[in-house]
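The values are calculated or read from the model by the stated rules, or taken from the named source; none is laboratory data. Note that the structure is predicted; figures quoted are calculated from it, not measured. Using ideal geometry, Cβ is built from the backbone for each residue, glycine included, and neighbour counts are taken over all protein chains shown.
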There are 2 protein chains.
Amino acid sequence: MGMDATAVVAELADKARLAARTLIAATNKDRTEVLNRIAEELQSSEIEILAANSEDMARAKEEAMAESMQDRLLLTSSRISDMAAGAIQVSKLESPLGKTLRENTLPNGLHLKQISVPFGVVGMVYEARPNVTVDAAIILLMSGNAALLRGSSSAAKSNEVLVKVMRRALAKTDISPDVIQLVPSDDRSSVTALLHARGKVDLVIPRGSAALIRTVVDGSTVPTIETGAGVCHVYIDVEADLEKALPILLNSKTHRPSVCNAAETLLVHEAVAAKFLPIALAALRDAKVKLNVDEEVAKIAGANQITVNLASEANWSTEYNSLEINVAIVPNLLAASDHIAKYGTKHTEAIVTQSQENAAKFIALSDCAAVMVNTSTRFTDGEQMGFGAEIGISNQKLHARGPMGLEQMTTTTWIVTGSGQIRA
Amino acid sequence: MGMDATAVVAELADKARLAARTLIAATNKDRTEVLNRIAEELQSSEIEILAANSEDMARAKEEAMAESMQDRLLLTSSRISDMAAGAIQVSKLESPLGKTLRENTLPNGLHLKQISVPFGVVGMVYEARPNVTVDAAIILLMSGNAALLRGSSSAAKSNEVLVKVMRRALAKTDISPDVIQLVPSDDRSSVTALLHARGKVDLVIPRGSAALIRTVVDGSTVPTIETGAGVCHVYIDVEADLEKALPILLNSKTHRPSVCNAAETLLVHEAVAAKFLPIALAALRDAKVKLNVDEEVAKIAGANQITVNLASEANWSTEYNSLEINVAIVPNLLAASDHIAKYGTKHTEAIVTQSQENAAKFIALSDCAAVMVNTSTRFTDGEQMGFGAEIGISNQKLHARGPMGLEQMTTTTWIVTGSGQIRA
C-alpha cells in the first residue's frame with residue numbers, strides 16, 4: 001500500500017458513505033433481508049472460504065504462529081455455520097434506528113424530537129480472527145452503518161473471501177455492496193490512514209490485544225471507542241456465602257481465561273480468609289491456576305502444602321489472559337475498593353456478600369463498566385446480557401460503557417419543528 | 001509551570017478524584033446547597049472579583065487585545081449576578097445521577113440495572129471568558145463531577161479569584177473544596193499535560209475557537225468531546241412560506257453572529273429565487289451583512305442595485321462568526337443537501353418549507369446534530385431547548401450530539417445482581 005494509503009482509505013470511505021445512503025433509505029425489512037442473504041451466501045460458499053483460510057493457515061504454520069493464534073485464525077465448517085447463524089440471529093433483533101428517544105413541545109410551540117440514527121462510516125481494526133469480519137459487518141449493517149474492515153494481514157486471504165461473499169450477497173439486494181469495504185492489510189500505513197481519516201470515518205473501534213487498542217486510541221484523530229483490557233477482581237466479603245463464593249471465583253477465573261471479563265485477582269476479607277482460602281487455593285491449584293499471593297496468603301498456602309509465588313507489584317496490575325491469578329487478604333471492604341481503584345482497569349468488579357448494605361457500598365465505591373453482585377465476572381457480555389449480539393465491550397466512559405450491541409452503534413439527531421419561530 | 005506540568009496536573013487530578021468521593025457520597029440536596037452557597041459567595045465577593053478582573057483588563061488593554069475579546073473578558077456587577085443566577089437555576093434542575101436507564105431480569109434470574117453515574121474528573125480547556133469558570137464548575141458539580149479548569153492566561157487573575165470564591169463556598173459545606181481545581185495557565189505545558197493525563201482525567205471538553213478545539217481533540221489521549229464549529233445552512237425550499245423564510249434567515253444570521261449556531265450560508269431553490277432573493281438580499285444588506293454569492297445570485301443582486309462579492313471556493317466552508325454570509329441558488333432539495341454535505345460541519349441545518357414530505361427528505365439526507373424545520377438555527381442551544389443549562393454543544397457523534405446539559409455529563413454503569421449464577 002505504502003505512500004498512498006491515505007488516498008486509498010479516503011476513496012474506500014467515500015464509496016462507503018455514498019453506499020450507506022442506500023442502507024439508510026432502506027427499511028428494516030430490507031436490512032433483515034440483507035443479513036439473511038449473507039447467511040445463505042456464507043453457507044453456500046463454504047468450500048471457497050475454507051480454501052482461502054487454508055492458505056492463511058499454511059502461512060501461519062510456516063511462520064510458526066503461536067498455537068492459540070492459529071486456533072483463532074482457523075475456520076471450519078462449523079465456524080462458518082456459526083457466522084451464518086449469527087447473521088440470522090442479529091437479523092431478528094429489533095432495529096435500533098429511528099427510535100424516538102425524547103420528544104416534547106416547548107412553550108414557544110417548537111416541537112423537539114431526538115431520534116437514533118447511524119454513525120455513518122465505522123472502521124474496525126482487529127487481529128487474526130476472521131469471524132470478526134462477519135460479526136462486525138452484520139452488526140454495522142443492521143444498525144445502518146457502512147463498515148471499513150481492517151483485519152490482520154495474517155488473515156488476509158480469509159478476510160478477502162469473506163468480504164467477497166458478503167458483497168455478493170448484497171449484490172442480490174437493493175443495498176449497495178460498497179457498504180462493506182475491506183481495508184488492505186499489506187502494511188501498517190492503512191491503519192494510520194484509517195485513524196486519521198477525520199471527516200471521512202465517523203468512528204473506529206479496535207478489537208484485540210491491549211497493544212492494538214492503545215495504538216488505535218492514542219494514535220487517532222477519528223473518534224474511537226476503547227475496548228476491553230480487563231483486570232477484574234472478585235472480592236469475598238466478610239458477609240459472603242462461601243459456598244456460592246467458590247464456584248463464582250472458579251467460573252470468573254477459569255471459564256475462559258483468555259477474555260477480558262475473566263478475573264485476575266481474588267481479594268478476601270481477613271475475617272473469612274482462614275476458612276475460605278485453604279479451599280479456594282486448593283481448588284484453583286487443582287484447576288491448574290498459577291497463584292501469585294501476598295505474604296499473609298502465602299502463610300495459609302504453606303500451612304496447607306499449596307505451592308504459591310509471592311506476587312510482585314507488577315502482578316497486581318497484570319491482565320494474564322491465562323490460568324494465573326493474584327490473591328490478597330484485605331482488612332475490609334474499603335481496602336478492597338482501594339486496591340481495585342489502584343490496580344483495576346474499570347471493567348468488571350465482583351463482590352460476594354449476603355449483605356445488601358455492603359453490596360451497595362461496593363457499588364458506590366466502584367468506578368467500572370459493570371459490578372457483579374454474587375455472580376461471575378464472565379456475565380459482562382452482550383449476548384449474556386440479552387443484547388443479542390456484541391461488537392465489543394467498551395472500557396471507557398464516553399458514549400457506551402460495557403457491552404456494545406446494535407443500539408450502541410447509533411448516535412442521535414435533534415429534529416426541531418416550528419412555524420416560523422425566531423429567537424428574541 | 002514548565003517541565004513539571006505533568007506532575008502538577010497529576011497531583012491536581014488526584015486531589016480532585018479523592019474529593020469527588022464526597023460529591024458522590026452527598027445527596028442531591030447537598031449538591032443543591034453547594035450551588036446556592038456558590039451563588040451567595042459570588043454576590044458577596046463582587047468587589048474582590050471586579051478588582052481581580054480589572055487587573056486582567058488592564059493587561060488586556062496594554063497588550064492591545066481585540067475589542068471583542070476584551071468584551072468577553074470583562075466582568076461587571078451584572079455579569080456576576082448572572083453567574084450567581086445561573087448557579088441557582090442549575091441547582092433547581094433535576095439531578096441527572098442515579099437514574100435507572102434500563103432494568104430487567106434475565107431467564108437465569110440475574111437482575112440487570114443500568115444507572116447513570118458521574119464521569120469522575122472532567123477537564124475544561126477554554127479561552128478568555130471568565131464566566132465559563134463558574135458556568136462549567138456548577139454544571140460539573142451538579143452532575144457529580146470534579147472540575148479541572150484550564151482557562152486562558154489572559155483571564156488568570158479573574159479565574160483565580162472565581163475559583164477561590166467557589167472553594168470558599170464549598171468550605172462551608174460537607175463537600176471538599178478540592179472538587180474544583182484551577183490548572184495553572186502560565187504556559188501551554190499544562191494543557192498538554194491535561195490532555196495526556198490518561199487514567200487521571202476522565203474527559204476533557206474544549207470551549208473556544210476552532211483552533212483550540214482542534215488542538216484539544218487531535219492532541220489528546222484522554223477522551224474528549226469536540227464542541228461546535230458551525231457552518232450552518234438555511235435552505236429555502238420551493239414549497240417555502242416566504243414570509244416566514246425572511247425572519248428565520250435574518251434571525252439565523254444576525255441575532256448573534258459570533259456563535260456556532262449562527263447561519264453562514266443561504267441556499268435558495270431556483271423556483272423561488274427571483275421572488276425571494278431581491279427581498280432577502282436587501283434585508284441582509286440593511287442589516288449590514290456582507291454578501292458572498294454565486295453568479296446567478298450576483299445577477300439578481302445586480303438587477304436590484306445590491307452590492308455583492310463573488311464567493312470563492314473557500315467562502316462556502318468558512319465559519320465567519322461575523323456579519324457575513326454566502327448565498328447560492330440550488331436546482332432542488334437534493335442539490336441543497338449535497339452542498340451541505342460538502343461544506344457543512346454537521347452542526348445545524350435549517351429548511352423552510354410547507355411540505356412535510358420535503359422536510360422529511362431533508363431530515364433523512366442531513367447528517368448533523370440538529371435539523372430545524374421552519375425555525376431559526378439559533379435554537380440549537382441547551383437553554384432554548386429546555387435543558388436549563390449548557391456546558392457546550394457537541395459537534396461529534398460519540399456520546400452526546402448537540403447541546404450538552406447535566407445529563408450529558410454522566411456516564412453509566414451496569415449492576416448485575418445474582419444468587420451465585422455462573423456461566424455454563
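Would you confirm, using the coordinates I've provided, whether A:GLY98 is surrounded by fewer than 18 Cβ atoms within 10 Å (Cβ to Cβ) and either touching a residue at least 12 places away in the same chain (Cβ under 8 Å) or in a helix (DSSP H, G or I) (or both)? So that I can check it myself, show each step before the final result.
Working: surrounded by fewer than 18 Cβ atoms within 10 Å (Cβ to Cβ): yes; either touching a residue at least 12 places away in the same chain (Cβ under 8 Å) or in a helix (DSSP H, G or I) (or both): yes.
So A:GLY98 fits the description; yes.
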Keeping to region B:394-424, report how many residues are over 30 Å from B:THR32 (Cα atoms) and more than 7 Å from chain A (Cβ to nearest Cβ). 1
How about region B:348-371: which of its residues are outside any strand (DSSP E or B) and either under 14 Å from B:LEU267 (Cβ atoms) or in contact with a Ser or Thr (Cβ under 7 Å, 6 or more places away or on another chain) (or both)? B:THR353, B:ASN358, B:ALA359, B:PHE362, B:LEU365, B:SER366, B:CYS368, B:ALA369
Which one of these does B:GLU264 not meet: (1) of a type in the set (D, E, K, R); (2) within 14 Å of chain A (Cβ to nearest Cβ); (3) in contact with a helix residue (DSSP H, G or I) (Cβ under 9 Å, 6 or more places away or on another chain)? (2)
Which ones in region B:164-180 are in contact (Cβ under 8 Å) with a residue 24 or more places away in the chain and part of a helix (DSSP H, G or I)? B:VAL165, B:MET166, B:ARG168, B:ALA169, B:LEU170, B:PRO177, B:ASP178, B:VAL179
Test: B:VAL222 is out of contact with any Pro (no Cβ under 9 Å at 6 or more places or on another chain), assigned to a loop (DSSP other than H, G, I, E, B) and at pLDDT 90 or above: yes
Candidate set: region B:227-255, residues that are part of a loop (DSSP other than H, G, I, E, B) and either more than 8 Å from chain A (Cβ to nearest Cβ) or more than 29 Å from B:LEU266 (Cβ to Cβ) (or both); chosen: the one modelled with the lowest pLDDT: B:GLY228
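Kindly provide the set of residues from region B:75-87 that are more than 20 Å from the chain's Cα centre (by Cα) and either surrounded by 16 or more Cβ atoms within 10 Å (Cβ to Cβ) or in a loop (DSSP other than H, G, I, E, B) (or both), ordered by number. If you could, list the steps in order and put the result at the bottom.
Here is the first cut: in region B:75-87, the ones more than 20 Å from the chain's Cα centre (by Cα) are B:75-78, B:80-81.
Within region B:75-87, B:LEU75, B:THR76, B:ILE80 qualify.
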Does B:ILE325 count as aliphatic (A, V, I, L, M) and within 14 Å of another protein chain (Cβ to nearest Cβ)? no
Which of the residues spanning region A:372-414 are of a type in the set (A, V, I, L, M), in a strand (DSSP E or B), in contact with a helix residue (DSSP H, G or I) (Cβ under 9 Å, 6 or more places away or on another chain) and outside the structural domain of A:PHE362 (by TED's automatic domain parsing)? A:MET404
Out of region B:360-387, which residues are without any contact (Cβ under 8 Å) to a residue 40 or more places away in the chain, within 10 Å of another protein chain (Cβ to nearest Cβ) and over 21 Å from the mean Cα position of the chain (by Cα)? B:ALA360, B:ILE363, B:ALA364, B:LEU365, B:VAL373
Residues (among the aliphatic types (A, V, I, L, M), surrounded by 16 or more Cβ atoms within 10 Å (Cβ to Cβ) and more than 17 Å from A:ARG256 (Cα to Cα)) located in region A:301-329: A:ALA301, A:ILE306, A:VAL308, A:ALA311, A:VAL327, A:ALA328, A:ILE329
Is it the case that A:ARG72 is within 27 Å of the chain's Cα centre (by Cα) and buried (at least 18 other Cβ atoms within 10 Å of the Cβ)? yes
Wholly within region B:102-163, which strands (runs of 3 or more DSSP E) include no fewer than the required count, namely at least 3 residues that are assigned by TED's automatic domain parsing to the domain that holds B:ARG59 and over 21 Å from B:ARG198 (Cα atoms)? B:111-118
Going by the conditions given, is B:LEU42 more than 14 Å from every other protein chain (Cβ to nearest Cβ), assigned to a helix (DSSP H, G or I), free of Cβ contacts under 8 Å to residues at least 40 places away in the same chain and surrounded by 15 or more Cβ atoms within 10 Å (Cβ to Cβ)? no
Please determine, by comparing only the residues of region A:256-288 that are among the charged types (D, E, K, R) and in a helix (DSSP H, G or I), which one is surrounded by the most Cβ atoms within 10 Å (Cβ to Cβ). A:ARG285
With the requirement that a residue be part of a loop (DSSP other than H, G, I, E, B) and either buried (at least 17 other Cβ atoms within 10 Å of the Cβ) or touching a strand residue (DSSP E or B) at 6+ places or on another chain (Cβ under 9 Å) (or both), what does region A:11-39 give you? A:ALA26
Under the condition of being crowded, with 19+ Cβ neighbours inside 10 Å and among the aliphatic types (A, V, I, L, M), which residue from region B:330-359 is farthest from the other protein chains (Cβ to nearest Cβ)? B:VAL330
Checklist (1) within 12 Å of another protein chain (Cβ to nearest Cβ); (2) over 27 Å from A:ALA336 (Cα atoms) applied to A:ARG188, failing item: (1)
If we ask which residues in region A:311-326 are under 14 Å from A:GLY230 (Cβ atoms) and among the small types (Gly, Ala, Ser), their number turns out to be 2
Based on what the data block shows, is B:LYS346 among the charged types (D, E, K, R) and touching a residue at least 40 places away in the same chain (Cβ under 8 Å)? yes
